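Below: the structure, in structure tokens.
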Amino acid sequence: MEIEHTDNLFESELNSDDKDQKLFTDEPEKEDKKVISKQVKPEEPEDSWKVLVVDDEEDVHSVTRMALKGFTFKEKEIQFLHTYSAKETKKILLGNPDISLIFLDVVMETNNAGLDLVKHIRNKLNNHLTQIVLRTGYPGQAPEREVIVEYEINDYKTKTELTTFKLFTVTLASLRAYDSMIHLENLRQNLEVKVRERTSELERKNYQIMEMDQMKTRFFSNVSHEFRTPLTLILSPLEGMLMKENLEEKDRDNLEMMYRNAVRLLGLINQLLDLSKIDAGRLKVELIEYDIYKVLRMIARSFTPMAERKKIEYRVEIPDGELITYFDRDKLEKIITNLLTNAFKFTPEQGKVSCKIKFNDKKEGMIKSSLEIIVQDSGRGIPAEQLEKIFDRFYQVADTWKNGISGTGIGLSLTKELITLQHGKIVVESKPNEGSRFIIRLPLGKDHLKEHEFEVKKPEEIKEDVLIIKCRMHDDDAIDYKSEDFISEEVDQPVVLIVEDNADVRQHICENFENEYVVKQAKNGKEGWEKATALVPDLIMSDVMMPEMDGVELCKKLKTDERTSHIPVILLTAKADVENKIEGLETGADDYITKPFNIKELLTRSKNLIEQRKKLREKYTHQIDLEPGEIDVESADERFLKRSLEVIEKNMGDCDFDVNNFFPEMNMSRMQLFRKLKALVNQTPSELIRNMRLKRAAQLMKQKFGNIAEITYEVGFNNLSYFAKCFKEKFGVLPSEYK
């Protein structure tokens with residue numbers, strides 16, 4: 001900032017020779033202020049501070065210009081504008097909204113002309129940026145304190161107070177304030193623009209989300225309706241066939257499996273339809289007047305077989321007697337079924353599940369009575385940070401898929417929607433590894449509902465299908481299967497292990513494979529691993545998503561364990577994307593088949609893998625027939641074979657060494673060693689020991705080690721005639737004839 005001033009304020013102003021200091025070009029002599037030109041004449045470049053001097057005395061204009069001559073702030077000079085009345089000033093203000101500072105006389109046309117002009121600027125023009133300094137020659141006319149308090153101004157001075165220095169300091173302070181306010185105003189305007197843009201973007205996205213939700217709802221509704229027609233044509237004939245009494249047991253099992261899964265699919269479709277109706281506001285409460293306790297007992301009782309199969313302590317507490325009231329039977333059944341299904345799904349064996357019903361006749365507003373339903377389990381529980389999300393549509397608790405517990409993420413969302421539809425409430429309490437507790441408060445009757453929210457139906461209008469109830473009671477775990485962990489060494493057929501948590505899929509594969517293979521089953525990855533190591537099958541088929549241990553982890557363990565590394569593995573999964581397929585194959589899986597699969601294709605692929613393994617076995621057999629110790633170690637199977645040969649060679653001269661000593665040395669069970677060697681080299685442990693001894697005997701004979709008797713005992717035979725018999729079977733000649 002540069003400040004210059006002169007002691008004689010009027011010296012340069014009155015110098016007629018200095019044309020640059022001339023106030024007005026061809027200005028007429030001032031006789032009447034109203035006749036003077038009201039044009040605003042800029043005296044500085046455009047990039048300057050606009051300062052408006054408003055006063056009816058010409059001398060004030062001149063003195064102000066002279067006092068501020070050469071004044072600069074932030075490298076910008078002052079551009080003076082001059083007016084002589086409030087009326088003239090109003091016109092100037094309209095064309096110059098960027099005026100930085102106004103020196104304003106109070107008394108002009110009227111005693112309060114300046115004060116009225118301040119109100120005009122601040123209120124009518126809504127200009128709160130321009131700085132205003134009031135000046136008056138009549139201080140008594142407008143007292144300083146009252147003016148400063150009442151009017152939005154920077155300063156209020158008498159004209160005699162405004163010395164040169166004070167005029168500079170007031171101007172400097174005012175321009176600094178104006179500059180700061182302009183900066184803040186620009187920031188505010190930029191922020192407002194960003195806020196408007198962001199708000200517009202959010203509104204646009206919100207509209208898109210709403211539009212997508214509506215499209216999704218319409219899609220679900222349309223697809224669900226399209227599914228119901230073919231499902232009806234599937235279910236109706238199945239119902240008719242199941243009603244026949246002369247069905248063979250196998251045919252009935254297959255029909256029941258088809259019917260059970262068709263009903264399950266229908267249930268999922270009905271859930272989607274209910275959600276679409278709720279979104280569209282078209283789902284009503286369908287009331288019947290009936291014994292609600294009777295319905296609750298029927299629903300709760302249908303889960304007893306599941307509790308018995310899973311060895312879960314299941315306790316039901318429903319008041320005795322009957323309670324006739326208005327309620328929606330279908331929605332009540334869906335609510336309790338969803339909650340109990342989840343409770344049993346997430347509760348391990350030996351756990352606890354309970355369902356308690358309490359009647360509350362305490363009146364609250366329009367609700368005369370209500371039902372309190374408490375479903376509690378001792379399962380895995382829900383982390384605190386996820387409790388608020390479990391009722392969100394399509395949300396699933398973290399690690400659900402990891403633990404092999406499948407679901408759609410619809411059940412709890414639909415449950416809450418159905419409860420809310422009836423003006424009820426649901427809360428959940430849960431702790432990880434301790435279990436969960438769902439508390440539902442469901443109003444009874446119809447007084448709390450508005451007329452458009454419900455319709456009353458007769459009890460007989462509600463369909464009561466015995467087959468559907470039967471299907472619900474027969475869940476996946478209902479199908480029993482034999483689980484022997486023993487395979488006879490005399491079995492000639494290949495052994496196939498099926499690891500699948502869905503009992504229907506497992507049973508379906510078994511029925512199609514059991515004619516050509518010895519089929520064993522496991523219902524989860526953990527059980528599959530235990531049976532794979534115990535039985536050492538020729539082929540393993542495993543689902544990917546399973547409880548306890550998923551198929552990917554199972555495959556990794558199988559391929560890295562010496563006992564099972566040779567077994568071909570087929571992964572079965574509903575995940576059809578390329579990433580999941582690559583993940584499965586990278587674990588060492590030999591094939592990857594997506595559901596739904598063609599059973600003939602599955603049979604063909606299984607047969608091909610077993611045949612490939614047979615050819616590989618012939619390769620290993622040929623290698624072993626060359627010379628002991630000549631196999632290059634590359635794979636886990638080859639390492640196993642090398643170790644087997646080393647154990648035999650180490651004990652070659654021990655006539656007591658047989659299969660009973662062999663399998664402990666290999667850290668395997670007798671069955672594991674038998675199955676492993678049979679799969680790799682098509683020899684039993686006893687045959688491998690005998691063949692290795694005979695091969696070593698042949699080597700010693702070529703090297704002239706000793707006579708036949710000495711060689712016989714050297715390789716572990718203690719009977720010459722038995723040695724001669726075995727040698728001839730192996731090489732086609734007697735030991736004495738071998739060259």
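Annotations
- Residue satisfying condition, being crowded, with 20+ Cβ neighbours inside 10 Å and either in the same structural domain as Ala534 (by TED's automatic domain parsing) or not in a loop (DSSP other than H, G, I, E, B) (or both), within set Ser644, Ser686: Ser644
- Answer residue from region 575-614, given it is closer than 30 Å to Glu665 by Cα and β-branched (Val, Ile, Thr) and is nearest to the chain's Cα centre (by Cα) among those: Thr587
- Ile312 vs. criteria buried (at least 21 other Cβ atoms within 10 Å of the Cβ), touching a residue at least 40 places away in the same chain (Cβ under 8 Å) and under 34 Å from the mean Cα position of the chain (by Cα): yes
- All of Asn126, Asn190 fail the test of being on the phi > 0 side of the Ramachandran plot, at pLDDT 90 or above and not β-branched (Val, Ile, Thr), apart from Asn126.
- The residue of region 221-246 that is modelled with the lowest pLDDT, among those that are hydrophobic (A, V, I, L, M, F, W, C) and in contact with a helix residue (DSSP H, G or I) (Cβ under 7 Å, 6 or more places away or on another chain), is Phe227.
- Boolean, Arg260 is under 35 Å from the mean Cα position of the chain (by Cα) and under 22 Å from Leu340 (Cα atoms): yes
- Test: Val536 is closer than 30 Å to Leu694 by Cα, touching a helix residue (DSSP H, G or I) at 6+ places or on another chain (Cβ under 6 Å) and modelled with pLDDT of 85 or more: yes
- Meets criteria (modelled with pLDDT under 85 and not in a helix (DSSP H, G or I)) for Lys520: no
- The residue that is farthest from Asp591 (Cα to Cα), counting only those in region 536-574 that are under 22 Å from the mean Cα position of the chain (by Cα) and crowded, with 24+ Cβ neighbours inside 10 Å, is Met546.
- Test: Ser606 is hydroxyl-bearing (Ser, Thr, Tyr), more than 17 Å from Asp538 (Cα to Cα), part of a helix (DSSP H, G or I) and modelled with pLDDT of 80 or more: no
- Here is the figure for region 320-340: residues that are touching a Phe, Trp or Tyr at 6+ places or on another chain (Cβ under 6 Å) and not charged (D, E, K, R) total 3.
- Selection from region 662-696 of residues that are out of contact with any helix residue (DSSP H, G or I) (no Cβ under 9 Å at 6 or more places or on another chain) and at pLDDT below 85: Asn667
- Screening region 372-389 for residues that are part of a loop (DSSP other than H, G, I, E, B) and not basic (Lys, Arg) and picking the one that is surrounded by the fewest Cβ atoms within 10 Å (Cβ to Cβ) gives Pro383.
- Unmet criterion (only one of (1) of a type in the set (Ser, Thr, Tyr); (2) modelled with pLDDT of 90 or more; (3) exposed (fewer than 14 other Cβ atoms within 10 Å of the Cβ)) for Tyr138: (2)
- Among the residues of region 278-292, those that are over 25 Å from the mean Cα position of the chain (by Cα) and either assigned to a strand (DSSP E or B) or surrounded by fewer than 18 Cβ atoms within 10 Å (Cβ to Cβ) (or both) comprise Ala280, Gly281, Arg282, Lys284, Val285, Glu286, Leu287, Ile288, Glu289, Tyr290, Asp291.
- One residue alone among Lys463, Lys457, Lys425, Lys470 is assigned by TED's automatic domain parsing to the domain that holds Val353, surrounded by fewer than 18 Cβ atoms within 10 Å (Cβ to Cβ), under 37 Å from the mean Cα position of the chain (by Cα) and at pLDDT below 90, and that residue is Lys470.
- Set side by side, the residues Val195, Val170 differ, and just one is assigned to a helix (DSSP H, G or I), in contact with an Asp or Glu (Cβ under 6 Å, 6 or more places away or on another chain), among the hydrophobic types (A, V, I, L, M, F, W, C) and surrounded by 10 or more Cβ atoms within 10 Å (Cβ to Cβ), which is Val170.
- Residue check: Arg218 meets all listed conditions (1) within 30 Å of Thr110 (Cα to Cα); (2) touching a helix residue (DSSP H, G or I) at 6+ places or on another chain (Cβ under 8 Å); (3) without any contact (Cβ under 8 Å) to a residue 60 or more places away in the chain but one, namely (1).
- Of the set (1) in contact with a strand residue (DSSP E or B) (Cβ under 7 Å, 6 or more places away or on another chain); (2) free of Cβ contacts under 8 Å to residues at least 60 places away in the same chain, all apply to Leu175 but (2).
The values are calculated or read from the model by the stated rules, or taken from the named source; none is laboratory data. No experiment lies behind these values; they were computed from the predicted model shown. In this analysis, Cβ positions are derived from the backbone assuming ideal geometry, glycine residues included, and neighbour counts consider all displayed protein chains.
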